[in-house]
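K.L.:
Got a structure for you, written out below as structure tokens; questions coming shortly.
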Amino acid sequence: MELPLRLNPAGERRIKRSAGLRCELCCGVYRADLLEIHLLPSATGCMATGPDLQREILVLCPRCHRDIHAFGLARADQKTLVRSRPAAVRREMRMILGYIPKPYIPPDVDLAALYEEARSSSFVLNGAG
């Protein structure tokens, strides 16, 4: 299945190297030209898109890639593999795929009023006072 973005061969090699040249299913080590990038099936049946595409791909050896398609590994199980990726790998894949996080915008709350409301509340935690 084709990625929703076009990675050039150098970009594909960088993704594979970011995964340590390992299949993310069997953990075998392979040459970059043997590894394949697998696009997780979309829950809606449409092509997966979104700002964080590293959540939608797996780096797999040809055998594991073929087996996932042949035996239908559930999307939830594939997502579990993605979530088990080390943080450093996720960061590097995001950089390669051009992920730009949304800027943090703090809530517009009057913290002093919130504190006073909490302090004057009659709510008591179990075991406290």
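K.L.:
Looking at region 85-94, can you tell me whether even one residue there is out of contact with any helix residue (DSSP H, G or I) (no Cβ under 7 Å at 6 or more places or on another chain), touching a residue at least 12 places away in the same chain (Cβ under 8 Å) and under 30 Å from Ala10 (Cα atoms)?
P.N.:
Within region 85-94, the first condition is being out of contact with any helix residue (DSSP H, G or I) (no Cβ under 7 Å at 6 or more places or on another chain), and the residues that meet it are 85-88, 91.
Cutting the leftovers down to touching a residue at least 12 places away in the same chain (Cβ under 8 Å) gives us 85.
With under 30 Å from Ala10 (Cα atoms) added as a condition, the list becomes 85.
Checked region 85-94: at least one residue is out of contact with any helix residue (DSSP H, G or I) (no Cβ under 7 Å at 6 or more places or on another chain), touching a residue at least 12 places away in the same chain (Cβ under 8 Å) and under 30 Å from Ala10 (Cα atoms).
K.L.:
May I pose another question? Within region 89-106, restricting attention to residues that are exposed (fewer than 10 other Cβ atoms within 10 Å of the Cβ) and among the hydrophobic types (A, V, I, L, M, F, W, C), which residue is modelled with the lowest pLDDT? Full working, then the answer.
P.N.:
Of all residues in region 89-106, those exposed (fewer than 10 other Cβ atoms within 10 Å of the Cβ) come to 100-106.
Of the ones still in play, those that are also among the hydrophobic types (A, V, I, L, M, F, W, C) are 100, 105.
Numbers: Ile100: 85, Ile105: 90.
Here the answer is Ile100.
K.L.:
Of all residues in region 31-64, which are surrounded by 18 or more Cβ atoms within 10 Å (Cβ to Cβ), part of a loop (DSSP other than H, G, I, E, B) and modelled with pLDDT of 95 or more?
P.N.:
Residues satisfying the conditions are Leu35, Cys61.
The values are calculated or read from the model by the stated rules, or taken from the named source; none is laboratory data. Everything numeric here is computed off the predicted structure, so don't read it as measured data. Neighbour counts are summed over all protein chains in view; Cβ atoms, including those assigned to glycine, are modelled from backbone coordinates with ideal geometry.
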